[in-house]
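Chemist: To start, I am sharing the structure in question, which I have written as structure tokens.
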Amino acid sequence: MKPQVYHVDAFTSQPFRGNSAGVVFPADNLSEAQMQLIARELGHSETAFLLHSDDSDVRIRYFTPTVEVPICGHATVAAHYVRAKVLGLGNCTIWQTSLAGKHRVTIEKHNDDYRISLEQGTPGFEPPLEGETREAIINALHLTEDDILPGLPIQVATTGHSKVMIPLKPEVDIDALSPDLAALSAISKQIGCNGFFPFQIRPGKNETDGRMFSPAIGIVEDPVTGNANGPMGAWLVHHNVLPPRWQRVMC
């Protein structure tokens, strides 16, 4: 079977909404260099390449237009949606391997469509970013210390692909953020993390708004990021920001 290239809008049932990803299936005969060139040509924030695996149901490699990354949430959803459609799968559990390890994916068929759920990896947290690094991140986002939720760290969190968690006060206009992309890229090299996720909790609600910037790997902004929202949920629980009821749900 020759490689087929698909454009998928994940997290939505409407065209031109959600977050778009490229999917190439099957990709076993492609070299790494070819995968990178295809990802660059497609221009999505991430493109997923599905390959045979000896120790799971499928292996997936993920490429931005410039580099390979360990995993990508929305591209994973897109990849398994394509695979389920092509293979005509029913309700099932799939195990996939990637550079981030082995993960369980649940596929549920609804009429002629699918719902794809990805189990993210074990949460991990690095020491808080403090001093000059914290100041540089705040300045790169054109914010001030007064915009950050008091008593909480700016910190790298991960469930497979790390992101910098930046908790903002609810009154900050998150939609107006226009970061210094060159400065963020430079900070990424210093801290070894390429994604910056400023977010805020909506007043009186267990709902959040966030934006994810990753210019160091060719992504100015990713509209919906599973590998930022997943760590954010773990971070909120880790720092006891969520009410106990929601902590039980997320754990």
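Chemist: Please pick out the residue among A182, A186, A176, A157 that is within 17 Å of A228 (Cβ to Cβ) and either touching a Ser or Thr at 6+ places or on another chain (Cβ under 8 Å) or of a type in the set (G, A, S) (or both).
Modeler: A157
Chemist: Another question, if that's okay. Could you tell me whether A39 is within 20 Å of the chain's Cα centre (by Cα) and either in a helix (DSSP H, G or I) or exposed (fewer than 14 other Cβ atoms within 10 Å of the Cβ) (or both)?
Modeler: Spelling it out, A39 is indeed within 20 Å of the chain's Cα centre (by Cα) and either in a helix (DSSP H, G or I) or exposed (fewer than 14 other Cβ atoms within 10 Å of the Cβ) (or both).
Chemist: Could you grab the pairs with beta carbons closer than 7 Å, sequence gap of 6+ or different chains, first residue in region 30-51 and aliphatic (A, V, I, L, M), second one in a helix (DSSP H, G or I) and crowded, with 17+ Cβ neighbours inside 10 Å?
Modeler: From region 30-51, the pairs are A48/A75; A48/T76; A48/A78; A48/A79; L50/A79; L50/R83.
Chemist: Same structure again: For region 145-158, state whether one or more residues are of a type in the set (S, T, Y) and part of a strand (DSSP E or B). Walk me through it before giving the result.
Modeler: Residues of region 145-158 of a type in the set (S, T, Y): 158.
This time we only want the ones that are part of a strand (DSSP E or B), so: 158.
Looking through region 145-158, at least one residue is of a type in the set (S, T, Y) and part of a strand (DSSP E or B).
Chemist: Still on this model: Could you list, in sequence order, all residues of region 21-54 that are charged (D, E, K, R) and either modelled with pLDDT under 95 or under 13 Å from T76 (Cβ atoms) (or both)?
Modeler: E46 - this is the single residue of region 21-54 that is charged (D, E, K, R) and either modelled with pLDDT under 95 or under 13 Å from T76 (Cβ atoms) (or both).
Chemist: Next question. Would region 187-196 turn up any residue that is in contact (Cβ under 8 Å) with a residue 60 or more places away in the chain, of a type in the set (A, V, I, L, M) and closer than 19 Å to E132 by Cβ?
Modeler: Scanning region 187-196, I find at least one residue that is in contact (Cβ under 8 Å) with a residue 60 or more places away in the chain, of a type in the set (A, V, I, L, M) and closer than 19 Å to E132 by Cβ, so the answer is yes.
Chemist: Does region 90-123 hold any residues that are exposed (fewer than 14 other Cβ atoms within 10 Å of the Cβ) and either out of contact with any strand residue (DSSP E or B) (no Cβ under 7 Å at 6 or more places or on another chain) or of a type in the set (A, V, I, L, M) (or both), and which are they?
Modeler: Residues satisfying the conditions are G101, H110, N111, D112, D113, T122.
The values are calculated or read from the model by the stated rules, or taken from the named source; none is laboratory data. Everything numeric here is computed off the predicted structure, so don't read it as measured data. Neighbour counts are summed over all protein chains in view; Cβ atoms, including those assigned to glycine, are modelled from backbone coordinates with ideal geometry.
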